[in-house]
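Input: a single structure, listed below in structure tokens.
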Amino acid sequence: TKRARRALDQALKQQPDHPQALALRATTLIATGDIDQAGQLLDRAATSAPRDTSVLIARSYLAQARFDLPSALASAEEAAALEPDNALVQTRLAELALINGDTTRASAPTAQALARQPEFARAHAIDGFIHLQRYEFDAGETAFQRATKADPRDPLPHLGLGLISIRHNKVTEGREQLALAAALDPGQSLLRSYLGKAYQEEERDAIAADQ
């Protein structure tokens, strides 16, 4: 992540208003919680390229960070209209549908993303959570395993595997997966919360409280 930030900063020194570089840099700022600066960068990017897909997807993440899910979905839908065959865009649509608990709406873009890019880890992770919300645990586990094989550094499939293991009363195994997910994204409060609950299941209240 640090290398990516340095590369983007260097690119922006050479081309200060490059829309894709601004969008990517804004996304890294959103990930670290610097919402205001991310918004400023995206405003600059939108001035020169308001309908650029990378700018729209970054705007989608910014809106989500501001708890404005309708705007997040609108930006993703606009991006999908521009690039319907883009696996990343379709996965983003599915992710937002899943956040709203709509597994039916999430299924089609997930399938389309995987058809276009069969080894796309995030799409497999979203597919896993669709199955998880439907209590289809075997299919969910398979999807999460495919996701970890494609990208072992993505914390989401480890979260999913942890939840399924705990669901099957394999608490230690599940907690280990949740600990791995938290280690991969240390600043993610949701992962810390689930890890704390897993420690609580093991009656390790002190370390659960720390999480």
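The values are calculated or read from the model by the stated rules, or taken from the named source; none is laboratory data. This is a predicted model, so every value here is computed, not measured. FYI the Cβ positions are ideal-geometry reconstructions off the backbone, even for glycines, and counts take in every protein chain you see. With ligands, DNA and RNA removed, areas are computed over all heavy atoms of the protein, side chains included. Shrake-Rupley method; radii C 1.70, N 1.55, O 1.52, S 1.80 Å.
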(request) Starting from the Cα of residue 9, step 7 Å along the direction of its Cβ; do the same at residue 167; then give the gap between the two resulting points in nm. (result) 4.3
(request) Quick one: what are the phi-derived ³J(HN,Hα) couplings along the range 161-174, Karplus 6.51/-1.76/1.60 with θ = phi - 60°, whole Hz, x for glycine and proline? (result) 5, x, 5, 5, 4, 5, 4, 8, 6, 9, 5, 4, 4, x
(request) Scan the range 122-211 for GluC sites (Glu not before Pro) in coil per DSSP, keeping those whose Cβ has at most 15 other Cβ atoms within 10 Å, and list them by number. (result) 136, 202, 203
(request) Report Rg (one decimal) and Dmax (nearest whole number) for the range 84-183, counting Cα atoms only, units Å. (result) 12.8, 42
(request) With Cα extents along the principal axes in Å defined as stated, name the option among (1) 54, 37, 29; (2) 43, 41, 40; (3) 63, 39, 35 computed from the structure displayed. (result) (1)
(request) Over the residues of the range 155-211, compute the C-alpha Rg and express it relative to 2.2 N^0.38 Å. (result) 0.97
(request) Using only the alpha carbons, work out the radius of gyration and Dmax of the range 39-118 in angstrom. (result) 12.4, 36
(message) Please report the carbon-and-sulfur percent of the accessible area for the chain; probe 1.4 Å, protein heavy atoms only, DNA, RNA and ligands left out.
(response) 49
(request) Using DSSP to define loop residues, name the trypsin sites (Lys or Arg not before Pro) in the range 110-158 whose beta-carbon has at most 11 other beta-carbon atoms within 10 Å. (result) 153
(message) Net charge around residue 116, counting only other residues with Cβ within less than 14 Å of its Cβ (Lys, Arg = +1; Asp, Glu = -1)?
(response) -2
(message) Could you sort 18, 158, 131 by their accessible area in this structure, using a 1.4 Å probe and putting the largest first?
(response) 18, 131, 158
(request) Identify which of 81, 147, 45 has the largest mean-square fluctuation in a Gaussian network model of the chain, with springs joining Cα atoms closer than 10 Å. (result) 81
(request) Mind checking the per residue accessible area of the chain for me, 1.4 Å probe, whole number of Å²? (result) 54
(request) Calculate for the chain the 222 nm mean residue ellipticity that helices alone would give, adding -39,500 (n - 2.57) per DSSP H run of length 4 or more and normalising by residue count, nearest 500 deg cm²/dmol. (result) -25000 deg cm²/dmol
(request) Hey, can you grab everything whose amide H is under 5 Å from the amide H of residue 102? Only 5+ residues off in sequence or another chain; H modelled, so Pro and N-termini drop out. (result) none
(message) Going by Cα centres, the range 1-53 and the range 72-107 are how many Å apart?
(response) 22
